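Worksheet for the structure shown next.
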Amino acid sequence: MAVYDLATGLRAHALYSQVALHAEYGGVVPELASRDHVRKLLPLIRQTLAEAGLGVRDLGGVAYTAGPGLVGALLVGAGVGRALAWALDVPAIGVHHMEGHLLAPLIEDPELRPPFVALLVSGGHSQLVAVRAIGDYELLGETLDDAAGEAFDKTAKLMGLPYPGGPHLAKLATTGRAGVFRFARPMTDRPGLDFSFSGLKTQVLLAWQRSDQSAATRADIARGFEDAIVDTLAIKCERALDAAGMDTLIVAGGVGANARLREQLQEQAARRGGRVRFPRLAFCTDNGAMIAYAGALRLAAGLHEDAQVQVRPRWDMATLPAVGRMSGEGRFVIRDS
Ligand SMILES: Nc1ncnc2c1ncn2[C@@H]1O[C@H](COP(=O)(O)OP(=O)(O)O)[C@@H](O)[C@H]1O
Ligand SMILES: [Mg+2]
């Protein structure tokens, strides 16, 4: 949950994590997720408004995630968001979850604006997107099987690490030795911008089963796995920048919190003479600020939803309308106006 003002920036944001709720099942249980959203949403709205020092009547519009994702969870947010806007007689806008991630680096970096290449790496997605303007997205490549975050989570699980495994595996990798285990850099030996991470998981499984399964070995395998993913992502990012003819890379989504990925992409950018930008850690993983921000831009462009609750569990980001660009002062300028 967040309050964003285009003139003054982020006013407040709050997060209620369901990690503890889902931990005992080792993954998200859709029905539990929706029911928990029902319980937590209104208190979280009150808390966020109180932190912003605002009342509900101060809101000029309401944005909510309309997709893609689990339909039950989406319906809770869309139902509450749309109803709130109706009651307040302000416009409502359904935001694309991945557009939220993609714009997150801009929230606190007014200098940053398209064109850039975005690497979106989360639990559900691995995509390279050419961003020419806000809302103008061309998919350059994506995963053919597991997402990068999913690969982290599944690999962590098979070595017995707790849910969600990604951050645990990354922490363990810091104590592992580089090069003791060397895994493939999938699909880097041929041209193209697509990814495939499921084979890597199998390689780790075999290495783990054949090993002595000591704590030190587990850390070495974690390091080998992380290096393989990070190298693969970095190679594809470089290719994507070349293909798009752009020099700025932005990284978003939960895996964007990975320290080694950040470090390696910084080094690569320095070597190439380009730049790479990441949102702060809290805005890499799912958060309300990115949805409020993306929604504020779309509302400012005059876009809004009809008076109905509609969600899109599957939603291609390339079908979003292009809405505008940023002026030199960091102000939002609506295209064709
Ligand atoms: N430091 C990290 N290193 C690697 N993966 C991470 C790290 N922190 C979070 N992740 C991964 O990010 C994913 C969550 O991303 P997020 O965008 O919040 O989720 P979703 O895909 O559900 O929208 C999980 O797969 C998690 O393991
Ligand atoms: Mg996400």
Scan the stretch 229-258 residue by residue and report those that are closer than 13 Å to ALA170 by Cβ and more than 16 Å from ligand 2 (Cβ to nearest atom). ILE229, VAL230
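Quick check on the stretch 1-18. Is at least one of its residues of a type in the set (D, E, K, R), exposed (fewer than 14 other Cβ atoms within 10 Å of the Cβ) and modelled with pLDDT of 95 or more?
At the first step, the residues of the stretch 1-18 found to be of a type in the set (D, E, K, R) are 5, 11.
If we keep only those that are exposed (fewer than 14 other Cβ atoms within 10 Å of the Cβ) as well, we get none.
So far as the stretch 1-18 goes, no, none of its residues is of a type in the set (D, E, K, R), exposed (fewer than 14 other Cβ atoms within 10 Å of the Cβ) and modelled with pLDDT of 95 or more.
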Against the condition buried (at least 24 other Cβ atoms within 10 Å of the Cβ), assigned by TED's automatic domain parsing to the domain that holds PHE225, under 30 Å from GLN308 (Cβ atoms) and within 11 Å of ligand 1 (Cβ to nearest atom), how does LEU169 come out, does it pass? no
Could you count how many residues in the stretch 194-209 are among the polar types (S, T, N, Q), assigned to a helix (DSSP H, G or I) and either out of contact with any helix residue (DSSP H, G or I) (no Cβ under 8 Å at 6 or more places or on another chain) or not assigned by TED's automatic domain parsing to the domain that holds ASP153 (or both)? 3
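Identify, please: which residue in the stretch 97-128 is farther than 17 Å from ARG280 by Cα and within 14 Å of ligand 2 (Cβ to nearest atom) and is, among those, surrounded by the most Cβ atoms within 10 Å (Cβ to Cβ)?
So, considering only residues that are farther than 17 Å from ARG280 by Cα and within 14 Å of ligand 2 (Cβ to nearest atom), the one surrounded by the most Cβ atoms within 10 Å (Cβ to Cβ) is SER126.
A quick yes/no check of all residues on (1) modelled with pLDDT under 95; (2) within 25 Å of the chain's Cα centre (by Cα); (3) of a type outside the set (Val, Ile, Thr); (4) buried (at least 20 other Cβ atoms within 10 Å of the Cβ):
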| site | (1), (2), (3), (4) |
| --- | --- |
| PRO164 | yes, yes, yes, yes |
| VAL180 | no, no, no, no |
| VAL251 | no, yes, no, yes |
| GLY256 | no, yes, yes, yes |
Would you confirm whether or not the stretch 212-231 contains a residue that is surrounded by 21 or more Cβ atoms within 10 Å (Cβ to Cβ), over 30 Å from MET1 (Cβ atoms) and touching a strand residue (DSSP E or B) at 6+ places or on another chain (Cβ under 8 Å)? no
Please verify whether the stretch 16-34 includes one or more residues that are touching an Asp or Glu at 6+ places or on another chain (Cβ under 7 Å), within 15 Å of ligand 1 (Cβ to nearest atom) and assigned to a loop (DSSP other than H, G, I, E, B). yes
Mind counting the residues in the stretch 157-186 that are charged (D, E, K, R) and within 16 Å of ligand 2 (Cβ to nearest atom)? 0
Subset tally (residues that are assigned to a helix (DSSP H, G or I), out of contact with any strand residue (DSSP E or B) (no Cβ under 9 Å at 6 or more places or on another chain) and away from ligand 1 (no atom under 12 Å from the Cβ)) for the stretch 271-289: 2
Name every residue in the stretch 101-124 that is assigned to a loop (DSSP other than H, G, I, E, B) and of a type outside the set (Asp, Glu), in order of residue number. ILE107, PRO110, LEU112, ARG113, PRO114, PRO115, SER122, GLY123, GLY124
Report yes if some residue within the stretch 85-95 is in a loop (DSSP other than H, G, I, E, B), touching a Leu at 6+ places or on another chain (Cβ under 7 Å) and away from ligand 1 (no atom under 15 Å from the Cβ); otherwise report no. yes
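The values are calculated or read from the model by the stated rules, or taken from the named source; none is laboratory data. Only a predicted model underlies this, so the values are computations on that prediction, with no experimental measurement involved. Because the Cβ atoms are built from the backbone with ideal geometry, glycine has one as well, and the counts that use them run over all protein chains shown.
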